[in-house]
């Protein structure tokens, strides 16, 4: 452990698994003044992380405020359970499939997580303290997740620059199959197709720039992790692939029949959907503060955030206050004014009594 008084005053965290994401968490926390202890199944990787300043020391700090488990999806539950047994603080993970680990771990100190960020670089060579700036970080609370656990992990994630989204574990897995897992498999398939055609058309790869390069960028990711992802999220991935094959069949038919009306409808719909993808936080004058009285029961804060995600409402900042008596409290969320009525209506429909006020 650090022997200096300054080190002892710092907030303390563990990072278990010092690859691309774990390394980035370590660098991000250290850049914000945390003392980070790190470990990895490969001792040489842990030693390299220490030498690069990714972590302050090697091992597992039993008194750390929070531990991030950044190991492959198939081993995440086992490693997280071990970390829970050996530490007294909160534990979260970064695996991109959440259902299996959240079903296996029944400990109020654990909260599943998934940062939607990455790099074409591998391992510690790609680690970046600012990797999560502007990225979505999904937390997957269950009905028994204590509010203070959700609030604490969410606040730490936000200090790394991420935008917080809360979803039930199974819902998370269904959504990432659409927006992450299948796109990766499609990109890989397109690259294999291009590689096959390149043997017949020498100029193909030289022309494969612009849109094609952007579309297939994710295929440069490390392939090993995708074996675990496909195994653990098999049902959702195969369902989305079936839908994609149906959609491509419709496109093929429209092209083959020179169905210009059908094609322009599809392309316009896709263009509009792409244009409407969420952007970063707006200006303060476009934001409002939503104050939601909540009962002091497990999962209530997560329920509010899960509703926001399902309604497509971005929560840009939040705090949870509980009364000294512990029977009630208030959740304060900052959202865009344009989304306030939708969010307020959804909350009222679920029995909450929110109030709204401008930030100006």
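When residue 149 is evaluated against the numbered criteria (1) at pLDDT below 90; (2) over 13 Å from the mean Cα position of the chain (by Cα), which criterion, by number, is the only one it fails?
Among (1) at pLDDT below 90; (2) over 13 Å from the mean Cα position of the chain (by Cα), residue 149 violates only (1).
With respect to the numbered conditions (1) within 22 Å of residue 229 (Cβ to Cβ); (2) in the same structural domain as residue 73 (by TED's automatic domain parsing); (3) without any contact (Cβ under 8 Å) to a residue 40 or more places away in the chain, which one is the sole condition not fulfilled by residue 155?
Of (1) within 22 Å of residue 229 (Cβ to Cβ); (2) in the same structural domain as residue 73 (by TED's automatic domain parsing); (3) without any contact (Cβ under 8 Å) to a residue 40 or more places away in the chain, only one is false for residue 155: (1).
The values are calculated or read from the model by the stated rules, or taken from the named source; none is laboratory data. Computed from a predicted model, the values in this text were never measured in an experiment. All Cβ positions, even for glycine, are placed from backbone atoms using ideal geometry, and neighbour counts span all protein chains on display.
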